[in-house]
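Worksheet for the structure shown next.
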Amino acid sequence: MKSVGCVTGAASGIGLAIAKSLAGAGYSVVIVDIREDGQQIVDGLQGEGHLYVKADISSASDRAGILDAIRETYGRFDLLVNNAGVAPGERKDVLEATEESYDRLMAINLKGPFFLTQILARYMIELVQQGRVERPKIINISSISAYTSSTSRGEYCISKAGVSMMTKLFADRLAEYGINVYEIRPGIIRTPMTEPVAAKYDKLILEEGILPIKRWGDPEDVAAAVKAIVTGGFEYSTGQVFDVDGGFHLRRL
């Protein structure tokens, strides 16, 4: 039976690119998103055996529904990619940020992935102990915002910093079961999330030289990193951070 991978927030942008890459690599892909047109996305993937689950990962009952769908449809599970995330509805200085915005971002960007990983990791452990899967993996998509101050969207930065620590915690806890956990930190990627500030990033990249590699990142750049991990290139690594950021992390003088 084909390996099964679940990608959250996979209806567009980085998540969709990852889903397409996994389908091309022979995975059965479980696309999780809140959109109504999910079946059309599944139908557009290469190969067969894919599944759409309409779910809000900030909801405990929806997270349980994701587990139930995977268990009942496939009876196995090899890969979780925690990609779903949102930006603030309105960028506000940290002195003006609202509790409503903070709570929303934490629920979707951090609480949801944390508890989804918890329940799906338990299922992975069960499958490993039964000898039904070998070396399943978890990949968390964070951001350069995990360590970069953006005072107009502080709640987003805090949520992504939390994802980084979450990666370390699960990498430590799950290693004994042969489950490796990784973090990918995308930089400035051309997606619907960055479209409203495209002019700002165009200037930073093309005029001010903020990146050693002078171009926007594409969702496919992140998907390529996921594919490198799942094809077994980093079996002796866990808790590892992969920067897919055009060299932003170099912090040049």
- Residue check for Val181: in contact with a Leu (Cβ under 9 Å, 6 or more places away or on another chain) and assigned to a strand (DSSP E or B): yes
- How many residues does region 132-164 hold that are in a helix (DSSP H, G or I) and under 22 Å from Gly15 (Cβ atoms)? 13
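Of everything in region 123-164, what is over 30 Å from Gly232 (Cβ atoms) and touching a Phe, Trp or Tyr at 6+ places or on another chain (Cβ under 6 Å)? Give them in sequence order. Reasoning before the result, please.
So in region 123-164, the residues over 30 Å from Gly232 (Cβ atoms) come out as 148-159.
Once the filter is applied, which keeps residues that are over 30 Å from Gly232 (Cβ atoms) and touching a Phe, Trp or Tyr at 6+ places or on another chain (Cβ under 6 Å), region 123-164 yields only Glu155.
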- Message: For region 100-158: of the residues being out of contact with any helix residue (DSSP H, G or I) (no Cβ under 8 Å at 6 or more places or on another chain) and among the acidic types (Asp, Glu), which is surrounded by the fewest Cβ atoms within 10 Å (Cβ to Cβ)?
- Response: Glu100
- Return a yes/no flag: does region 210-233 have any residue that is under 20 Å from the mean Cα position of the chain (by Cα), among the aliphatic types (A, V, I, L, M), modelled with pLDDT of 95 or more and surrounded by fewer than 17 Cβ atoms within 10 Å (Cβ to Cβ). yes
- Conditions (1) in contact with a Ser or Thr (Cβ under 9 Å, 6 or more places away or on another chain); (2) at pLDDT 95 or above; (3) of a type outside the set (A, V, I, L, M, F, W, C); (4) closer than 20 Å to Ile14 by Cα -> Gly239 fails only (4)
- Task: Quickly run through region 200-253 and pick out the residues that are outside any loop (DSSP other than H, G, I, E, B) and of a type in the set (Asp, Glu).
- Result: Asp202, Glu207, Glu220, Asp221, Asp243
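The values are calculated or read from the model by the stated rules, or taken from the named source; none is laboratory data. Remember, predicted model here, so these are calculated numbers, not experimental data. Heads up, the Cβs are rebuilt from the backbone with ideal geometry, glycines too, and the neighbour counts pull from every protein chain shown.
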